[in-house]
Amino acid sequence: MSTVFLGSEALARNEVTPGQLRWRYRALFPDVYTPKIAAPSLYTNTVGAWLWSRRTGVVTGRAAAALYGSRWVADDTPIDLLAVNHHPPVGIITRDEHFLYDDVMEIDGMAVATPQRAAYDLGRHLPRDVAVAHLDALARAQRISAAHIAPLIDRYKGARGIRRLRTAVDLMDAGSQSPKETWLRLLLIDAGYPRPKTQIPVFDDAGRAFAYLDMGWDDDDLMIAVEYDGEQHRTDRAQWTWDVTRLRKVQDRGWHHVKVIAGDRPNDVLRRVAQAWALRRGGRQRR
C-alpha cells in the first residue's frame, strides 16, 4: 500500500481495518490518508490532492512547478487542481477551467500540467509579485521563456486573468535565484529604472568569469551592480570570506556595488541606487 492512499480503497481491499485507519494514519484530505509517522511535505499533499479528485484532476500552479524542480514552494502551499469541484477541502484549490490534452503530462502516475501550462496558471491566479517570483523559479528550473507561454495566451485569449498573466510573463527572468532577488528587481523596475540585467558575468584579467552579479546595468558609463545578501552569507564563515574577496575584486573591475540585506527599507535601497546613478552620470538624472 502506498504511503498516501484512499481510505475507502484500502478498506475495500482489506489492507487496513477501520481501527488501524484511525490510530495509525492521519487524514490529509477527506478519505485520503498517510501514516502518522510520515513527515509532512508538499509532494505528499500533491499526491493526496490528486487522489482526493479521484484521479481526475490535473495538478497545476505552484505544486506543478515544484514537481518540475522549482524552489521556494512552501510545504503548506495549497495544491492547485484543474478539476470540477466547487467545494474543495482546506489545502486544495480547484479551478473548473478549459485545458487540452497537450497541456498535460504524466509525473509519477499523476496528471500534471506542462511547465508552460503551470506558468500560464501561475501568472493568471497569483498577485503580480508572487506570480513573478514563482515564474522566475520555474523559468530557472525548466529554461522556459515568454515565447513558450505565448501559444497558450493566444489559445485561451478570452480566459480570466490574461492581462495579469501578460504582465507577469513580461517580468519573468530565469536569472533570479531567490524570491528576494525577484522582489529587488521588481522594486527597481517599478521605480522607473531600466530593466536590470541578471547574472552579469565579471571577468578577471585572464578572461575568466569569477563572479556573476545578481542584477545591474553593465553599460560602460554605469557599471552598477545591485545584489541581495542572504542570511547564509553572514552565518557561513567560508562564504563570508569569499564574499569580501569577491566584492573587492568586483569593485577593482570598476563596478559600483549596492548591497541589499534583509531589513533594508525599499526607500533606503532606492536612495542608494539613485546615489550610484548620480555618481556614475556625473550628477545627472537617470533617463
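The values are calculated or read from the model by the stated rules, or taken from the named source; none is laboratory data. Computed from a prediction, not measured in an experiment: that's the story for all the values here. We place every Cβ from the backbone using ideal geometry, glycine too, and count neighbours over all the protein chains shown. Just the protein is used for accessible areas: all its heavy atoms, side chains included, with ligands, DNA and RNA removed. Shrake-Rupley method; radii C 1.70, N 1.55, O 1.52, S 1.80 Å.
With the condition kept exactly as written, say whether any residue in the range 167-182 is assigned to a loop (DSSP other than H, G, I, E, B), among the hydrophobic types (A, V, I, L, M, F, W, C) and within 12 Å of the chain's Cα centre (by Cα). Give the derivation first.
Going through the range 167-182, the residues assigned to a loop (DSSP other than H, G, I, E, B) turn out to be 172-178.
Keeping just the survivors that are among the hydrophobic types (A, V, I, L, M, F, W, C) gives 172, 174.
Add one more test, that the residue is within 12 Å of the chain's Cα centre (by Cα), and what stays is 172, 174.
Checked against the condition, which is being assigned to a loop (DSSP other than H, G, I, E, B), among the hydrophobic types (A, V, I, L, M, F, W, C) and within 12 Å of the chain's Cα centre (by Cα), the range 167-182 yields at least one hit.
Here is a check on your reading of the model: is A262 small (G, A, S) and within 28 Å of the chain's Cα centre (by Cα)? Walk me through it before giving the result.
Numbers: small (G, A, S): yes; within 28 Å of the chain's Cα centre (by Cα): yes.
Spelling it out, A262 is indeed small (G, A, S) and within 28 Å of the chain's Cα centre (by Cα).
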Exercise for review: Sort out which residues of the range 70-127 are more than 26 Å from A174 (Cα to Cα), outside any strand (DSSP E or B) and of a type in the set (A, V, I, L, M), and write them in order of number.
Suggested key: A83, V84, V90, L100
Revision key, fill the gap. Flagged pairs (Cβ under 9 angstrom, 6 or more apart or on separate chains; first in the range 90-118, at positive phi; second open to solvent by 40 Å² or more (accessible area, probe 1.4 Å)) are G91/D76; G91/P78; D108/Y43; D108/L67; G109/R55
Check your understanding: What number goes with the only condition from (1) open to solvent by 30 Å² or more (accessible area, probe 1.4 Å); (2) of a type in the set (A, V, I, L, M); (3) over 20 Å from T167 (Cβ atoms) that V226 does not pass?
Key -> (1)
Exercise for review: Would you check if there is a residue in the range 9-17 being open to solvent by 40 Å² or more (accessible area, probe 1.4 Å) and in contact (Cβ under 8 Å) with a residue 24 or more places away in the chain?
Suggested key: no
Check your understanding: Does the range 23-67 hold any residues that are open to solvent by 70 Å² or more (accessible area, probe 1.4 Å), in contact with a helix residue (DSSP H, G or I) (Cβ under 8 Å, 6 or more places away or on another chain) and part of a loop (DSSP other than H, G, I, E, B), and which are they?
Key -> P30, K36
Practice item. Name the one entry in W255, W240, W183, W217 that is closer than 21 Å to L138 by Cα and out of contact with any Cys (no Cβ under 6 Å at 6 or more places or on another chain). Key: W183
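Considering T182, T167, which residue is among the polar types (S, T, N, Q), within 24 Å of A150 (Cα to Cα) and touching an Asp or Glu at 6+ places or on another chain (Cβ under 6 Å)? Before the answer, list the steps.
Numbers: T167 fails: touching an Asp or Glu at 6+ places or on another chain (Cβ under 6 Å).
Checking each option against the conditions leaves just T182.
Among A139, A146, A133, A119, which is open to solvent by less than 70 Å² (accessible area, probe 1.4 Å), within 21 Å of R185 (Cα to Cα) and touching a Pro at 6+ places or on another chain (Cβ under 6 Å)?
Working: A139 fails: touching a Pro at 6+ places or on another chain (Cβ under 6 Å); A146 fails: touching a Pro at 6+ places or on another chain (Cβ under 6 Å); A119 fails: touching a Pro at 6+ places or on another chain (Cβ under 6 Å).
Going through A139, A146, A133, A119 in turn, the sole match is A133.
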Revision key, fill the gap. If we keep only residues of the range 167-182 that are touching a helix residue (DSSP H, G or I) at 6+ places or on another chain (Cβ under 7 Å) and not aliphatic (A, V, I, L, M), then the residue nearest to L270 (Cα to Cα) is T182
Practice item. Note down all Cβ pairs under 6 Å where the first residue falls in the range 201-229 and is assigned to a loop (DSSP other than H, G, I, E, B), the second is small (G, A, S) and surrounded by 20 or more Cβ atoms within 10 Å (Cβ to Cβ), and they're at least six residues apart or on different chains. Key: none
Point to revise | Residue list for the range 195-223, restricted to those being touching a Leu at 6+ places or on another chain (Cβ under 9 Å) and open to solvent by 40 Å² or more (accessible area, probe 1.4 Å) | key: R195, K197, Q199, P201
